[in-house]
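The values are calculated or read from the model by the stated rules, or taken from the named source; none is laboratory data. Keep in mind that this is a model prediction, so the values were computed, not measured. Cβ sites come from the backbone with ideal geometry, for glycine too, and all protein chains shown count toward neighbours. These area figures cover heavy atoms from the full protein model, side chains too; ligands, DNA and RNA do not enter into them. Shrake-Rupley method; radii C 1.70, N 1.55, O 1.52, S 1.80 Å.
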Amino acid sequence: MPELPEVETTRRRLLPLLQGKPLLRVRHQDPGRYRHTERAEGARLLDLGRRGKFLLFALSGGLEMVVHLGMTGGFRLEATPHTRLTLEFPSLLLHFHDPRRFGRLWVVERGDYREIPLLGRLGPEPLSEGFQLEGFLQGLRRSAKPLKALLLDQTLAAGVGNIYADEALFRARLHPLRPAQELSPGEGERLYRALREVLAEALALGGSTLSDRTYQQPDGRPGSFQERHAVYGREGLPCPACGTPIRRQVVAGRSTHFCPRCQG
DNA sequence: CAATCCACCTGTTCGC
DNA sequence: TGCGAACAGGTGGATT
């Protein structure tokens, strides 16, 4: 669900609310999903970072609380019927809302990600200085996967999910099934630029909130990038560039939306 | 190694 | 109206 723009928006909203405050208690009833939470009780929140779709709460005492929001997770200032866990700060309760319970949380020694899948082997942050064209093109050349599958696997760039993979491929005018290693350098560069642009624009608009409103900022406000989706969730509607009906097809097990003409 | 299912969960929307 | 099917922002594991 939440992809880089939504997770980063969450980070930016939460940090000023929490920085410097002690985490008094962590309440939940699911030690299988929310691991070692007792370790965090009494620690102070020093900083809040992000890697890909993971939120990284730096805590005093050399600890770190790592959260993955899964498909439907999000932090709210008000409790909901799907509150699964509550972080208690002085005069502030932060509720983890997660209807499908795909979200996970771990408290670990800072930087020790051995029990956290994926986090230790994420690719570069696509909006950082470290995300360079040369490395991106190399990553494309090394993979025979369809572009859509490669964009989703978090190694080429961290934080890209189903919405932004589809939107980036549309902007780059590339078919989702094109094998990555067959791209020309020019096509690879189009994808590199499209990916950065889409993610940056979405972030500037607070991410995408779909009709089910699963993703909201902690104060309940929606994002607005959904109004700019060219292909995602628009099966049968006209392509904004050429008017051809947008097609939906399952690729890499996920619904994939594209313009058969522009991305032919 | 890679592509394909299935699993994990719950809720909403769609088609008949 | 009712009911089952399809589908949903993610990821990991088993199977082939």
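Hey, quick one: spin label on residue A:134, modelled 7 Å out along Cα-Cβ, who in region A:144-173 has an amide N within reach, i.e. under 19 Å?
Within reach of a label on residue A:134: A:156-157.
Report the FRET efficiency, 1/(1 + (r/R0)^6), for residue A:27 and residue A:255, where r is their Cβ-Cβ distance and R0 is 51 Å, rounded to 0.05. Kindly include the intermediate steps, with their values, before the conclusion.
Working: r = 36 Å, r/R0 = 0.70.
The value I calculate is 0.90.
Once you have the Cα-Cα distance between residue A:47 and residue A:71, take 0.36 nm times their residue separation minus that, and quote the gain in nm to one decimal. Could the numbers behind the result be given before it?
Working: separation 24, 0.36 × 24 = 8.64 nm, distance 2.44 nm.
Extra length available between residue A:47 and residue A:71 comes to 6.2 nm.
With each label point set 7 Å from Cα along the Cα-Cβ vector, what nm distance links residue A:219 and residue A:92?
Placing both labels 7 Å along Cα→Cβ, they lie 1.2 nm apart.
Could you give the length gained on full extension between residue A:101 and residue A:244, defined as 0.36 nm per residue of separation minus the Cα-Cα distance, in nm? It would help to have the intermediate numbers written out before the result.
Numbers: separation 143, 0.36 × 143 = 51.48 nm, distance 3.79 nm.
Full extension of this stretch gives 47.7 nm more.
To check my understanding: the extent here is largest minus smallest coordinate of the Cα atoms along each principal axis. What are those three numbers for region A:34-183, in Å, largest first?
Ordered largest first, region A:34-183 gives principal extents of 54, 33, 24 Å.
Write down the accessible area per residue of chain A in Å², having rolled a 1.4 Å probe over the full set of protein chains. Walk me through the intermediate numbers first.
Working: 11740 Å² over 264 residues.
Each residue of chain A exposes 44 Å² on average to a 1.4 Å probe.
So what does residue A:195 come to for accessible area, using a 1.4 Å probe and Å² rounded to 10?
In the full protein context, residue A:195 sits at about 0 Å².
Please list log₁₀ I(q)/I(0) at q = 0.08, 0.11 Å⁻¹ for chain A, using the Debye equation with identical point scatterers on the alpha-carbon positions.
Calculated log10 I(q)/I(0) at the listed q: -0.34, -0.62.
Answer with one residue from A:224, A:59, A:130: the one whose Cα lies farthest towards the positive end of the charge dipole of chain A, charges on Cβ with Lys, Arg +1 and Asp, Glu -1.
Positive-end residue among those listed: A:224.
Given Cα pairs under 8 Å that are at least 6 residues apart, what percent is the relative contact order of region A:133-258? Mind showing how you got there, number by number?
Numbers: 183 pairs, mean separation 30.2, N = 126.
This gives 24 percent for region A:133-258.
Farthest toward the dipole's positive end in chain A, which of A:263, A:24, A:188, given Cβ charges of +1 (Lys, Arg) and -1 (Asp, Glu) about the Cα centre?
So the residue we want is A:263.
Looking at region A:4-121 from every direction and averaging, what is the projected area of its Cα convex hull in nm²? Spell out each step's value before the answer.
Working: hull surface 26.1 nm².
Mean projected area of the Cα convex hull: 6.5 nm².
More than 12 angstrom separation, counting every C-alpha pair in region A:138-192; what % is that?
Details: 877 of 1485 pairs.
Every Cα pair in region A:138-192 considered, those over 12 Å come to 59 percent.
For region A:133-258, what is the per residue volume of the convex hull drawn over the alpha-carbon atoms, in cubic angstrom?
Values: hull volume 13.5 nm³, N = 126.
Cα-based convex hull of region A:133-258, divided per residue, equals 107 Å³.
For region A:117-229, which whole-number percentage of the solvent-accessible area (1.4 Å probe, protein heavy atoms only) is attributable to carbon and sulfur atoms?
Details: 2390 of 4830 Å².
Roughly 50 percent, rounded to a whole number.
In deg cm²/dmol and to the nearest 500, what is the mean residue ellipticity at 222 nm of chain A if only DSSP H runs of at least 4 residues count, each as -39500 (n - 2.57), divided by the residue total? Spell out each step's value before the answer.
Details: 5 runs with 60 residues, N = 264.
When only DSSP H runs of four or more count, the value is -7000 deg cm²/dmol.
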